[in-house]
Amino acid sequence: MKWTVIILILFALVLVSILYVLTTPAISTYKSQVPNQTQLSNQTNWTTAPRPLNSQQFTSELTKLTNIMEQYGATNALVYVADKIQTNSSFERSCHPLLHQLGHVAYRFYGSVAAAIKYETGICYSGYTHGILEEYLSTSNDINQSLLSACNDTAPIFTQGQCYHGLGHGAMLSDNESINQSLKLCRILPSAFATYSCSNGVFMQHFIIIDHLGDIPEVNPTNLSDCFNVNASYKEECYGYAPMAYLTMTNNYTWALNWCHGAQTSYIVDCIKGVGGDAMQYDINTPEVSLNVCQQAGNTTYQNACVSGAVYMYAYFKASSADAESLCQTVFVAYENTCEATAKSINQTFSI
């Protein structure tokens, strides 16, 4: 009788272990470049992103932009960008890293941050400013002093945020892409807002995996696990930017939403918010794409996080919380409360 009870207990333990394995997603599944095709074969409503420019196209467009700037000024180069993103979705998808590279050229062409940055229009999420600051820090003999003197703290708060964000990009490039060392540099800045904006740029730079020639690596050099060991105060930003690299590799929003479940449980919502932001960023002219993506995000909490990310990105692109709020009565009417709360928060933070 005694042995029968022991055997039954052991059998129960084995059964529980088997059920746990079958129902718990293995982290290695989420680390793969794309989800298991067999597991997802019954999904027919995948939502995909526009493909970025290929290397040849990227180089060609950068050459055009450089020529326009050198002959007619940076203003005309940015007008060309504004026109091009209306008609070419791949150009729109690549315009932020493309303008990073133009910013590098502009700093060398104009000779100083102040002389180059005055032409910024905010187009493509201010990638032009970020590139200027990357080049500025890469040539600095005293990076600490350069960090402290680069941004005008009397400028509008939105402009300040973009400048400090650009310093985060530059810190990464000047510190061999070390997240921890770059965050340490951000902490010398004069305010909590400046440090936050700079750290934001650090994580964005980490997850931009398109190089200066527009080349995309064969294997994603980043992963969600990169965020596991960062300080808790930075995890939201890290997980929020992580989908950028994943989408560069897959161009599939639906897969990205699934992939986000490999994050630490408390931060899945931040990763999904990042997917919503990327969906808006890559399809800014068709915000309905973001709505479609967010409707696939899962439960109400995840859907609302996705919408919040999309609305935030729209306001950021337009430099206008009012423009973002207009989506709350149209595209995102089913998520009106979340949409309006996000737009209001952006207005309070950036005064736009």
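A few remarks follow.
- Top-ranked residue of the range 259-270 - restricted to ones that are small (Gly, Ala, Ser) and part of a helix (DSSP H, G or I), ranked as farthest from ALA49 (Cα to Cα): SER266
- Scanning the range 75-93 for residues that are touching a helix residue (DSSP H, G or I) at 6+ places or on another chain (Cβ under 6 Å) and assigned to a helix (DSSP H, G or I) yields ASN76, ALA77, LEU78, TYR80, VAL81, ALA82, LYS84, PHE91, ARG93.
- Residue identified as in the same structural domain as ALA310 (by TED's automatic domain parsing) and in contact (Cβ under 8 Å) with a residue 40 or more places away in the chain among VAL289, VAL275: VAL289
- Of all the listed residues (ALA315, ALA334, ALA305), the sole one being part of a helix (DSSP H, G or I), at pLDDT below 95, out of contact with any Asp or Glu (no Cβ under 6 Å at 6 or more places or on another chain) and over 16 Å from ALA49 (Cα atoms) is ALA315.
- The residue pairs whose first member lies in the range 134-158 and is in the same structural domain as LEU189 (by TED's automatic domain parsing) and over 29 Å from SER321 (Cα atoms), whose second member is modelled with pLDDT of 90 or more and basic (Lys, Arg), and whose beta carbons are closer than 7 Å, counting only pairs six or more residues apart or on different chains, are GLU135/ARG108.
- Pick from the range 206-243, criterion under 15 Å from the mean Cα position of the chain (by Cα) and among the β-branched types (Val, Ile, Thr), ranking: nearest to TYR267 (Cα to Cα): THR222
- Residues satisfying the stated conditions in the range 54-88, i.e. more than 18 Å from SER126 (Cα to Cα) and charged (D, E, K, R): LYS64, GLU70
- The one condition in (1) in a helix (DSSP H, G or I); (2) more than 22 Å from ASN285 (Cα to Cα) that TYR119 fails to fulfil: (1)
- Residues in the range 179-238 that are modelled with pLDDT under 90, in contact with an Asp or Glu (Cβ under 9 Å, 6 or more places away or on another chain) and surrounded by 19 or more Cβ atoms within 10 Å (Cβ to Cβ): GLY214 only.
The values are calculated or read from the model by the stated rules, or taken from the named source; none is laboratory data. Nothing here was measured: the structure is a model prediction, and the numbers come from that model. All Cβ positions, even for glycine, are placed from backbone atoms using ideal geometry, and neighbour counts span all protein chains on display.
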